Amino acid sequence: MAEFGYDRRDFIRALGASVAGIGVAGALPTYLQAKGTTYPISILHTNDTHSRIDPYPAGSALAGQGGVAARMELIRSIRDRASRSILLDAGDFFQGTPYFNFYNGEVEIRAMQQLGYDAATLGNHDFDGGMDNLLLQLQKAGFPVVSANYRFGRHGLAQRCASSVILRRDPLKIGVFGLGIKPAGLIPPAFVPQLSWGDPFEAARCQVSCLRMIHRCHIVICLSHLGLSYADERPSDRRLALEVSGIDLIVGGHTHSFLDIPEVHYNPEGRAVYVVQAGHSGLRLGRVDWEIKLGRTTEAAPTDASLIPVGERLNVG
Amino acid sequence: MRLSLLLWALLFCWTNLASGTNRIAGPPYEQYFFEQNFEFPYPSDTTLRKPNRTQKASSVYQAYNSYTLNSDSLLKGRVSQSFAWVDSFRNLQNQFTNKPLLWSPKALIKSMPESELTNLLADILLIESRSIWDTVHISLLNPGGIRAEFPADTLRLLHVMEVLPFPNHLDKITLSGTELQQLLDHWAGKGGIALSGMRMSIIEGKAADVWVGDDPLQQKHSYHVALPDYLVDGGDGCSFLIGSRVQRGAHRITDLVARHLETMGKSGELLKSQTDGRIRIR
């Protein structure tokens, strides 16, 4: 990760800081902090799976890697051991293999349903079959789809998609909201006549205050398809982390970045925000373990994070 | 109250039984598919503009409901068994996508500013576009539309569809020399593009030293450029192309490339491509 200026040490240092408690909690004496019980939760995530239902075919440089069956096995083994877990997808589950060209996304959605996704957001390629097709396919699955800055007008997607969802893993409440990338220049306008896009940072502030203040979520996760970062001023995950307070974890997508170690940024309140992204095509399953202490104050901090390779790795180089 | 409960129970049993018999004794999906006689988008000689997506999806959905587990997938073990239903989808599409096209002795991988894969695809598109329209000077293909690589193996329709998954059509636009320069500058700023019929250098993110065919780029000359309709409609930051003089083509890029490779394979050719310095970075 030298290219971004992050390495494992930064992450570990941030872990230390957040476990000790930054801000109000950190200022309290130890005997006041000591009360409360700690609850672990594993957050599993993928992004840009791009219709990769089967592993990469023989002859490819990535032969044998990826595939929903191997991902299922991995998720199952993690779920067997972890006391609480949620599975999230940051968009672009459509387009990439003939499965999409032939079945318009039915296979992908059914596979996601079977893998047990708890929430997903929409990427630009999810509109590749048009809005009607997206709705038709999403109706075949039950998992919530979140997007806070897309508006669908009078289209049926407005009923299928929500701004945010609250996942309950007793006794924890996890608020998840979604952000989508600006469609102009990415999605042909003819495909998305009723789609309108709002400022993602405004939407994020709105969702965070709602999830924190009204619903009292213990952690707030942003499912973002904005992309990790850009040379210009386009909204990105890094900008989101630096400019909007109240988000604990940003699960990113769109730029197909393999973030082996989460990026750590500090929001305007001075709290750590972790940005994760699991490459593309289901080659990795991202995992972030959190410990949430419920007591006089809620303290949430990750204890470990990794990208787990999915499927056989035939040519380890 | 009791009567209604009894009725509900009966209804519940009846629906369960009905759906159960349907799943077990229903016609196999292949039969269903051929009876319905609906068309898949690939491969076809006349792929016209408006595929009726909804109709296809619902037909396949019905085919899905009548799938049956085959014994092969049951032998694969616990995990594969849970995704056994994918087999029916895979088998059906493999009837089309396993069609062999030609032998590729070498894996072709996309890279910037030019690579064997991008050059090959642009060359094919130039040849194919010249068979559609009389004069075409240049062909362009945005690198974002190339999503995979060609393996060192028998190339099948599957590989072409994975490399070019988008249902974009090939259009021809007419640009003046200045407009072409603007287009090339845009892509030079992004690090490169798949192109054929010309060569250029990238100097500080701008296209320079542009040669179209055997002549240098002239500002007042008009050039015919074949490129995906995605770019013509302003995709990938090419909003300046909206409103330019365009001739819409009726063929999908994926189809054109697959058909070209198939013809090459039938005449006994191998897949070969090379980087020839058509884009240099200075």
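The values are calculated or read from the model by the stated rules, or taken from the named source; none is laboratory data. Just so we're clear, the structure is a prediction, and the values are computed from it rather than from any experiment. Please note: Cβ atoms are built from the backbone with ideal geometry, for glycine as well, and neighbour counts cover all protein chains shown. Ligands, DNA and RNA are excluded from the accessible area calculation, which covers all protein heavy atoms including side chains. Shrake-Rupley method; radii C 1.70, N 1.55, O 1.52, S 1.80 Å.
Overview of values
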{"item": "Amide H partners (placed H, <5 Å) of A:Ser85, local residues excluded", "result": "A:Ser42"}
{"item": "Residue-span extension gain [A:Ser83 to A:Glu291] - 0.36 nm each, minus C-alpha spacing", "result": "73.7 nm"}
{"item": "Karplus-derived HN-Hα couplings along region B:231-240 (A = 6.51, B = -1.76, C = 1.60, θ = phi - 60°), whole Hz, x at Gly and Pro", "result": "6, 4, 7, x, x, 6, x, 8, 5, 5"}
{"item": "FRET efficiency, B:Gln247 to A:Ala190 (Cβ-Cβ, R0 25 Å, nearest 0.05)", "result": "0.85"}
{"item": "Computed over region B:101-281: relative contact order in percent, which uses C-alpha pairs under 8 Å that are six or more apart", "result": "36"}
{"item": "Ranked packing of B:162-173, A:36-47, most packed first, by mean Cβ within 10 Å", "result": "B:162-173, A:36-47"}
{"item": "Angle between chain A longest axis and helix A:68-81 axis [Cα atoms, degrees, rounded to 10]", "result": "20"}
{"item": "Residues of region A:63-80 buried by at least 30 Å² on assembly (accessible area, 1.4 Å probe, chain alone as reference)", "result": "A:Ala69, A:Glu73, A:Arg76"}
{"item": "HN-Hα J in Hz across region A:41-53 - Karplus 6.51, -1.76, 1.60, θ = phi - 60°, x for Gly and Pro", "result": "8, 9, 9, 9, 8, 9, 7, 6, 6, 6, 6, 7, 7"}
{"item": "Cβ-derived FRET efficiency at R0 45 Å, B:Asp153 paired with B:Asp185, nearest 0.05", "result": "0.75"}
{"item": "Integer Hz, Karplus 6.51/-1.76/1.60 couplings in order for region B:197-212, x for Gly and Pro", "result": "x, 7, 9, 7, 10, 9, 10, 6, x, 10, 7, 9, 6, 8, 10, 9"}
{"item": "Rounded accessible area per residue of region A:104-247, 1.4 Å, Å²", "result": "36"}
{"item": "Candidate aspartates and glutamates - alpha carbon under 15 Å from B:Lys206, same-chain residues fewer than 8 apart omitted", "result": "B:Glu179, B:Asp185"}
{"item": "Peptide B:142-151 - average C-beta neighbours from other chains (10 Å radius)", "result": "3"}
{"item": "Among B:137-144, B:235-242, B:267-274, the order from most to least packed when residues are scored by Cβ within 10 Å on average", "result": "B:137-144, B:235-242, B:267-274"}
{"item": "Two-site label geometry, B:Arg130 and A:Ser306: point separation in nm, points 7 Å out along Cα→Cβ", "result": "5.5"}
{"item": "A:Glu243/B:Ser82 FRET efficiency (R0 35 Å; Cβ-Cβ; nearest 0.05)", "result": "0.25"}
{"item": "Contact order relative to length of chain A, as percent, for alpha carbon pairs under 8 angstrom and 6 or more apart", "result": "24"}
